[in-house]
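The values are calculated or read from the model by the stated rules, or taken from the named source; none is laboratory data. Not measured: the values here are computed from a predicted model. For neighbour counting, all protein chains shown are included, and Cβ atoms are generated from backbone atoms with ideal geometry for every residue, glycine included. Side chains are part of the model used for accessible areas, which takes the heavy atoms of the whole protein and leaves out ligands, DNA and RNA. Shrake-Rupley method; radii C 1.70, N 1.55, O 1.52, S 1.80 Å.
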Amino acid sequence: MKYYEYDTDDMIAALATPWGESALAVIRTSGDGCIEALSPCFRGKDNLSGSDGYSLHFGRIIDPGTGNTVDQVVAGVYRKPKSYTGQDMVEIFCHGSMPGITGILDALRNTGFRDAAPGEFTLRAFLNGKMDLTGAEAVNEIIRAKSPQAMGLALERLSGSVFNSINSIKALVSGILAEIELQLDYAEDEADPEAVLSTGKIETAISGLKELASTYRIGKVIQEGVRAVLTGRTNAGKSSLFNLLNRAERAIVSEYHGTTRDYIESLLVISGIPVKLYDTAGIRVSDHPVEAEGIKKSGEIIEASDIIIYLVDGCDGLTAEDRKRIDLFDRKKLIKVWNKSDISTKEIPEDYIAVSSLTGSGLDDLEKEIVSRAGAENIMLDDRAVIDSQRQKTLIDSALLSLENSLSAIRGSMPLDVVAVDIKEALDSLGEITGEITTADILDLMFSRFCVGK
Ligand SMILES: Nc1nc2c(ncn2[C@@H]2O[C@H](COP(=O)(O)OP(=O)(O)OP(=O)(O)O)[C@@H](O)[C@H]2O)c(=O)[nH]1
Ligand SMILES: [Mg+2]
């Protein structure tokens, strides 16, 4: 969709729930006159066109062409501006039946509704001032959240945690600009910026932005999670540990070497961090083409992982082959596990986590280490605005750069109008974060990532 040619008032419709059989489905509509337009398709005790906002109506959707009943539904009516989009809206709660859903959408098309593009309802909410851009991004983050923590942070953002932080910094920076402009208007001589401006406010704004920027890594980890791979020699106990971490018998475990060939993946949540965990084929020289292919795939997964959990078979102890492999890995990503600690008679080196995949001992330590490697230990999430949007991070960084430039300009006794340019640039970047300043391209990019119907 191209927003520069965008009609914000026409009537749109979309299925807001997944395609497929289900108990219920929701079809959403929005636009000028949509309640009246939908009214002829609805037969019930009440007439939709005269109904109040926030009212529910039981009835049938009929095909306006044939007069046939398509489905029995409940229609929810919202009157502007009290709706998600800020426009008149009708939400149809129907059966989750494919022919029913198709029939309702066809009836709507025949009545003048257009299929909504991804994120178009939220775009309208933004354009109608129902939410700022950080709120709109939060809507998508809520839908994509993979853990309760990710969901909680995104809900905070929807309630304005990032918006409020940015706005208070923006107010500070606007105040600085006002001071400069006053000087520029009234000062008789060219004033020395350092003499007339206190740098304290700029420094406060910088530290506020730095704090917000520093939450990006953790925000991203919580939202998107990390990839962790189990690797090691055959029979080290990777599949046993995979099952233990999953609390489920997912992978085949056996005393035969080379049991796992294709990799297996699962999604865990450890202390709020979504972890995509991979069990892979044990590494050894193999002339069996299937096993060799599995080992090749293991290599590719290790390459793409954020965390590599290397298992040493505690019965055998550390072999020359283990040492050779361990040396190849990036230290920052590597967690070394001494498995079979229940029967190992060897002395366990200090930098290993002793684990028994049989008894579960050491599991807590391993999980803590995974969280720590994800960069998420000691996170205090209460009352904090945490960002996870690359767009917001880039704009915060550019606001920071402009403010730092303004400080250097002041300290270098540059003229006040030069300082003013940097301050204005910082304000523009902050305005872009909340969407006060925006372009069609930004909206295009952002809303194209949304689901249809949201
Ligand atoms: N005593 C003991 N036995 C274990 C432990 N972990 C795994 N085993 C045994 O070691 C054998 C190999 O375990 P797997 O989990 O299949 O090992 P793997 O690393 O996945 O092996 P491949 O898939 O062949 O690479 C099985 O007989 C397991 O029961 C452990 O912590 N303690
Ligand atoms: Mg295995």
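In the structure shown, do any of LYS201/LYS393; LYS220/LYS424; LYS238/LYS296; LYS82/LYS393; LYS276/LYS296 have a Cα-Cα gap over 24 Å, and if so which? Exceeds cut-off: LYS220/LYS424; LYS82/LYS393. Between ILE62 and PHE42, ARG43, VAL70, the built amide H atoms are under 5 Å apart, and every one of these is 5 or more places off in sequence or on another chain.
Each principal axis of the stretch 9-50 carries a Cα extent, and these read 32, 29, 11 Å when sorted largest first. For the chain, the carbon plus sulfur part of the accessible surface works out to 52%, probe radius 1.4 Å. Taking amide H as placed 1.01 Å from N in the peptide plane, ILE335 has its amide H under 5 Å from the amide H of ILE308, ILE309, TYR310, each at least 5 places away in sequence or on another chain.
What shape does the stretch 282-349 have by the C-alpha gyration tensor, where a ≥ b ≥ c are the square roots of the eigenvalues, rounded means a/c under 1.5, and otherwise prolate means a/b greater than b/c and oblate the rest?
Working: a/c = 2.24, a/b = 1.36, b/c = 1.65.
In terms of gyration-tensor shape, oblate.
Bridges between two residues of the chain, per DSSP, are antiparallel at a rate of about 60%. Computed about the Cα centre, the dipole magnitude for the chain is approximately 1760 debye when only Lys and Arg (+1) and Asp and Glu (-1) carry charge, each at its Cβ. When the Debye formula is applied to the Cα atoms of the chain, each taken as the same point scatterer, what base-10 log of I(q)/I(0) results at q = 0.06 Å⁻¹? The calculated log intensity ratios at q = 0.06 Å⁻¹ are -0.43.
Annotation: amide H-H contacts under 5 Å for ILE270 (H modelled 1.01 Å from N, sequence separation of 5 or more, or interchain): VAL275.
Nearest 5 percent is fine: what portion of the DSSP beta bridges confined to the stretch 3-132 is antiparallel?
Details: 28 of 30 bridges.
Taking every DSSP beta bridge with both residues in the stretch 3-132, the antiparallel ones total about 95 percent.
Rg over Rh for the stretch 227-373 works out to 0.92, both radii taken from alpha-carbon positions and Rh defined as the Kirkwood radius.
Past the 22 angstrom mark, what percentage of all C-alpha to C-alpha distances in the stretch 167-287 do you count?
For the stretch 167-287, the share of Cα pairs beyond 22 Å comes to 61 percent.
Taking θ as phi - 60° and the Karplus parameters 6.51, -1.76 and 1.60, the scalar couplings of the stretch 319-335 work out to 8, 4, 5, 4, 4, 4, 5, 4, 4, 7, 8, 5, 3, 5, 8, 8, 10 Hz in sequence order, x denoting glycine and proline.
The antiparallel fraction among DSSP beta bridges confined to the stretch 227-373 stands at about 30%. Work out the P(r) tail for the stretch 3-132: percent of alpha carbon pairs separated by more than 27 Å, whole number. More than 27 Å apart: 13 percent of the Cα pairs in the stretch 3-132.
Treating each Cα of the stretch 28-75 as an identical point scatterer and summing with the Debye formula, the log10 of I(q)/I(0) at q = 0.30 Å⁻¹ comes to -1.29.
Looking at the stretch 95-229, the accessible area is 44 square angstrom per residue; that uses a 1.4 Å probe and ignores ligands, DNA and RNA.
Sort MET89, MET414, MET131 by heavy-atom solvent-accessible area, probe 1.4 angstrom, most to least. Could you put the intermediate results ahead of the total?
On the way: MET89 0, MET414 85, MET131 35 Å².
If we order MET89, MET414, MET131 from most to least accessible, we get MET414, MET131, MET89.
Does the stretch 384-428 classify as rounded, prolate or oblate by the C-alpha gyration tensor (a ≥ b ≥ c root eigenvalues; a/c under 1.5 gives rounded; else a/b over b/c gives prolate, otherwise oblate)?
Values: a/c = 3.62, a/b = 2.71, b/c = 1.34.
In terms of gyration-tensor shape, prolate.
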